[in-house]
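The values are calculated or read from the model by the stated rules, or taken from the named source; none is laboratory data. Please read all numbers here as calculations on a predicted model, not as lab measurements. Positions of Cβ are backbone-derived with ideal geometry, glycine not excepted, and every protein chain shown enters the neighbour counts. For accessibility, only protein heavy atoms count, side chains too; no ligands or nucleic acids. Shrake-Rupley method; radii C 1.70, N 1.55, O 1.52, S 1.80 Å.
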Amino acid sequence: MPTITLPDGSTREFDKPVIARDVAASIGKRLAADALGCKVDGELHDLSTVLDRDCSLSIVTPKRRDGGLDPDGLFLIRHSAAHVMAEAIQRIVPGALLVYGPPLDTGFYYDIRFPEDRPLREGDFEAIEAEMARIVAEDRGFSRYELPHDEGMRKLQAEGSKYKLDNALRAHEAGSPTLSWYATGTPGENWEDLCRGPHVPSTGRIGAFRVMSLASSYWHGDENSDRLTRVYGTAFPTQADLDAHLAQIEEARHRDHRVLGKQLHLFHIDEAVGQGLVLWTPNGAIIRKELQDWIGEHLHQMGYSDVFCPHIGKLDLYKTSGHFPYYAESQFVPLMEREFLKGVADDGCSCAQLSNMLATGEIDGYLLKPMNCPHHVKIYASQPRSYRDLPVRLSEFGTVYRWEQSGELNGMTRVRCFTVDDAHLFVREDQIGQEVMGCLSLVKLAFTTLGLSDFRVRVGLRDPDSGKYVGNPEVWDKAEAACREAARSLGATVSEEPGEAAFYGPKIDFIVKDVIGREWQLGTVQVDYNLPERFDLSYVGADNRAHRPVMIHRAPFGSFERFVAVLIEHFAGAFPTWLSPEQARVLPVSEKSFEYAQEVLGRLKAARVRATADLGNDRLQAKIKVAAEMKIPYLLVVGPRDQEHATVSVRVRGIQKDLGAMPLEVFVRELESEIASRGVSPMVGVEGARV
RNA sequence: GCCGCUGUAGCUCAGUGGUAGAGCGCACCCUUGGUAAGGGUGAGGUCAUGGGUUCAAUCCCCAUCAGCGGCUCCA
């Protein structure tokens, strides 16, 4: 006699076991028609699930009440689409062995082993989609059947796919007493796949789908294991949803910082210089410099002191800090002293021996710094500190070098040399809360000024069951409480993640959502008990005894490289005026107005506006087109009429029309004020925006 | 690092076993035009690099370098 509790809290009683689908039908015809699956006590199941005891039940449909796509619905659709795609592929390429096909946030994939003489190519996509469309049109039911483990294994052994046998063994090890299959149609007659499910009721419910791309992968992610082909696809409840998704991909492509970086001349990566080494060209340098100056002003106000450090340091320094040899793999090979190398050679040391010495850290030399902290620690330690001196806040736009694997490098987001807007605070334990708060408010200010106001905060706490952490537990408790409280005070979504702390202290990460909904992990604040210990740092307390300070590492932007890349994509290259490499361009309507254009340009430059004048012999329309492509915030068209009245005709980026003439002096004044206030969008001359 | 794909003019990209093309950009000329490309002429390429096959290689083969998509990794 199951009593079933529905999401609204109401209950329904049945006098015998009931199928979820029938419960849906008892609620409403429309719901039953829309249903894709169900959630029983929070766990996703097939709609055909039999409910034989008390439980909570919610029916999963493609859309939520608010009209948004339901993640559970998408899961079912995509998981099922993966089956349909696999069936289609096996029809087209006999002998293709299925491995594993899970849904993803944006679609699904299926890892498949193709026969060596018949690899899958992008040219096959059309045929696969056509085959999938046929299977969907047939609207065959997904039917589940189970076999006891032993019987199931015999069936799989008979079929002979080691991949499926492996999946089955893994399911068994994970505690599943039976094996389940899903047939698209009738078991024994139609195509089927070993699968735990759940799936939508029938192939016709998959909606709109698309085979997206090919990649290679390894079985179990192990590079020594079999090489598989990963076929990516995506599926949505309706064609409109799929179209919106494809449009978003297209939009992301248009915003790609690598494309815009080239088009807007922001940065350059040159083969001759090296992989992952960014050259900031003048336009990009302006953006970086503006950000740096701006954050620098705030640091100054907040009591930070600037420091500068060399880009290398002795290996011993990094042995003390613990970075070498422990993280040697992600560092450039040490710069070895000539004498040391000579000595090694004189001893008849082989390359293998040298390599071994590198691995164990028995080596002398210098390291390109992978982090700024050891240098800053030494600045702290360079003089005796009193409790009255703390907090000591040392900041540096410090450049670091890391040996990222070549396959990981990507534009400006993954590089081998980057500059961190770094700072290290040396504080007393009683100051941790306040100082963490100060760091967080700076990070928040940085993001909100740039219009990145949609962010969440992740507080990484220690795993109470693990002993890998340094520092004593009471101090940890206090530091975690301080981080928690500081994070909550920001007014953003805060998630706490036990086990996500660094071994040396709790940390707070900012995860920012850009205008097209992608998340980026940027700013970070970390409390550190470890380095002060390793370097034996101290200060003299009010009790005239030595005490250990605590360090706080923080970087609001993370690195300039990644941050600017995110800004490029966030703004699609259309930067706020204060960041724009070129803030205004003067466009004379003809040669007759060149002189006045120069005059206007001179006035702008006197106001320290970054401006140019286009004195080419193109027509005005062409000059506007070119300037618009460079995403310049203000275009000032000047002709004889403007000259006569000392005006400029303003055209603002994003508004595809002439906003009319305004006195040059008024324009300059308002532009100066916009730049000074660091407005996100250009507003001068825009109706209703004048102050 | 691994797998796959790619590398032709400053940019985007066609193309061919007999040493190469377009559009945009650039230079010059005509045009002096009031809000998203007027017209003409011209310059510009060791076809990523190094080997090999061939009478002949930008094209086929191998290696290297780099980019892209993934995998793996990420203090």
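In units of the rule-of-thumb radius 2.2 N^0.38 Å, region A:434-497 shows an alpha carbon radius of gyration of 1.26. Mind grabbing the base-10 log of I(q)/I(0) for region A:201-273 at q = 0.20, 0.22, 0.24 Å⁻¹? Debye formula, identical points on the C-alpha positions, no solvent, two decimal places. The computed values of log10 I(q)/I(0) come out as -0.93, -0.94, -0.98.
Apply the Kirkwood formula to region A:401-532: the hydrodynamic radius equals the inverse of the mean of 1/r over all pairs of different alpha-carbon atoms; give it in Å with one decimal.
By the Kirkwood definition, the hydrodynamic radius is 16.0 Å.
Taking the 1.4 Å solvent-accessible surface of region A:308-351 as the whole, the part contributed by carbon and sulfur is 59%. Each peptide in A:33-41, A:312-320, A:333-341 gets a packing score, the mean of other Cβ atoms within 10 Å over its residues, and the list from highest to lowest is A:33-41, A:312-320, A:333-341. The apolar share of the surface of region A:478-630, taken as the fraction of accessible area on carbon and sulfur atoms (1.4 Å probe, ligands and nucleic acids excluded), comes to 46 percent. Its Cα gyration tensor gives region A:49-171 an equivalent ellipsoid, and the semi-axes of that ellipsoid, as √(5λ) in whole Å with the largest first, are 28, 23, 13. Counting only the Cα atoms, region A:248-297 fills a convex hull of 106 Å³ per residue.
So for chain A, averaging the separation of alpha carbon pairs under 8 Å that are six or more residues apart and normalising by length, what relative contact order in percent results?
Contact order relative to length: 8 percent.
Go ahead and run the numbers for FRET between A:Tyr327 and A:Ala628, Cβ-Cβ distance against an R0 of 35 Å, rounding to 0.05. My answer for the efficiency is 0.15. Give the dimensionless ratio obtained when the Cα radius of gyration of region A:1-74 is divided by 2.2 N^0.38 Å. Working it through for region A:1-74, the quotient is 1.02. Scanning residues 5 or more positions from A:Lys63 or on other chains, those with amide H under 5 Å from its amide H are A:Asp70, with H placed 1.01 Å from N in the peptide plane. Here the average projected area of the convex hull drawn through the C-alpha atoms of region A:350-412 stands at 7.5 nm². A:Trp403 sits with roughly 110 Å² accessible to a 1.4 Å probe, with DNA, RNA and ligands left out of the calculation.
For region A:382-468, the Kirkwood hydrodynamic radius comes to 16.7 Å, computed from all pairs of different C-alpha atoms. Note on chain A: Rg/Rh from C-alpha atoms, Kirkwood Rh, equals 1.03.
With contributions of -39500 (n - 2.57) from each DSSP H run of at least four residues, the per-residue ellipticity at 222 nm computed over chain A stands at -11000 deg cm²/dmol. Note on region A:117-245: Rg/Rh from C-alpha atoms, Kirkwood Rh, equals 0.99. Taking every protein chain into account, the accessible area of chain A amounts to 49 square angstrom per residue (probe 1.4 Å). Per-residue extension of 0.36 nm, minus the Cα-Cα distance of A:Glu362 and A:His311, leaves a gain of 16.2 nm for this segment.
With a 1.4 Å probe and all protein chains left in place, how much of the accessible area of region A:1-128 comes from carbon and sulfur atoms, in whole percent?
48
Taking θ as phi - 60° and the Karplus parameters 6.51, -1.76 and 1.60, the scalar couplings of region A:612-617 work out to 9, 10, 8, 9, x, 9 Hz in sequence order, x denoting glycine and proline.
Based on the reciprocal of the average 1/r between different C-alpha atoms, the Kirkwood radius for region A:222-316 equals 18.9 Å.
Here each label is just a point 7 Å from Cα along the line to Cβ, and for A:Ala381 and A:Arg456 those points are 4.0 nm apart. Note on region A:492-586: Rg/Rh from Cα positions, Kirkwood definition for Rh, rounded to two decimals, is 1.18. Starting from the eigenvalues of the Cα gyration tensor, five times each then square-rooted, give me the equivalent ellipsoid semi-axes of region A:265-405, largest first, whole Å. Three semi-axes, in Å: 33, 25, 11.
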